[in-house]
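The values are calculated or read from the model by the stated rules, or taken from the named source; none is laboratory data. All of these numbers come straight from a predicted model, not from anything done at the bench. For neighbour counting, all protein chains shown are included, and Cβ atoms are generated from backbone atoms with ideal geometry for every residue, glycine included. Accessible surface is based on the protein model in full, side chains and every heavy atom, while ligands, DNA and RNA are left aside. Shrake-Rupley method; radii C 1.70, N 1.55, O 1.52, S 1.80 Å.
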Amino acid sequence: MACPANHTAELNPALLPLDWLLGTWESDEPGEGCFPTINPFRYTETLHFSHVGQPVISFMFNAFHAESKKPLHRECGFIRVQPGTNRVAFIIAQNSGLVEIEEGELTGQQLNLRTHALARISFAKEPHVQQISRVFQLRPDGRLEQTVSMATDNHPLMQHLHITYRRSS
């Protein structure tokens, strides 16, 4: 059961540089996914970023197959900012059994993140993910864009996902 966000809590000053991310975002058109070990696919996704006044943002990402609407991928976690810097960390748990910490930098309204630490359940499907990098960017038209690249045991870092979202709340 999800805990409701406290919408009356004042935004912690440490999060002011990320206030543009807060709210709910829905893909405005299907995103595209590909990787050498899978068939290309199209997906839709909802992102929800919230806070309760602490110096941390909570998030939940839910992806669905664009045609069948079947659930695909879920990620949830927290975003922290190192006080007094532009350094940002995402702490992420994925329904695939992967847990990771991505760290990077915030430049204006763009987040560039890369795997810092990674762990997986003992029976995770192979080939294993070895690295993820992602970029979130708020575009001038107000849409949010996300590009995710991935490396596995068998393949170097390459683009895996690309999608854009519009703010829905």
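Taking all Cα pairs closer than 8 Å and separated by 6 or more residues, the relative contact order of segment 1-159 comes to 13 percent.
Of the accessible area of the chain, computed with a 1.4 Å probe over protein heavy atoms only, carbon and sulfur atoms account for 55 percent.
Each Lys and Arg adds +1 at its Cβ and each Asp and Glu adds -1 at its Cβ; summed about the Cα centre, segment 47-169 shows a dipole of about 320 debye. One quarter of the convex hull surface built on the alpha carbon atoms of the chain amounts to 10.3 nm², the projected area averaged over directions.
Taking every Cα-Cα distance in segment 18-64 and sorting them into 10 Å bins from zero, the calculated P(r) comes out as 23, 38, 26, 11, 1 percent.
Largest GNM mean-square fluctuation among SER96, SER50, SER27, using the chain with Cα springs under 10 Å: SER96. When the P(r) of segment 71-126 is calculated, the portion above 13 Å amounts to 64% of the C-alpha pairs. Length, then width, then depth: along the principal axes, the Cα atoms of segment 25-109 run 44, 27, 27 Å.
Compactness of segment 73-167 was expressed as the Cα radius of gyration divided by 2.2 N^0.38 Å, which yields 1.12.
Just to confirm my numbers, what's the Cα centroid distance between segment 140-159 and segment 62-119 in Å? Taking the Cα centre of each part, segment 140-159 and segment 62-119 sit 11 Å apart. Sorting LYS69, LYS125 by accessible area puts them as LYS125, LYS69; the probe is 1.4 Å, largest comes first, and only protein heavy atoms count. Taking 25 °C and 0.890 mPa s as conditions, segment 130-169 diffuses translationally at an estimated 220 µm²/s according to Stokes-Einstein applied to its Kirkwood radius (Cα pairs).
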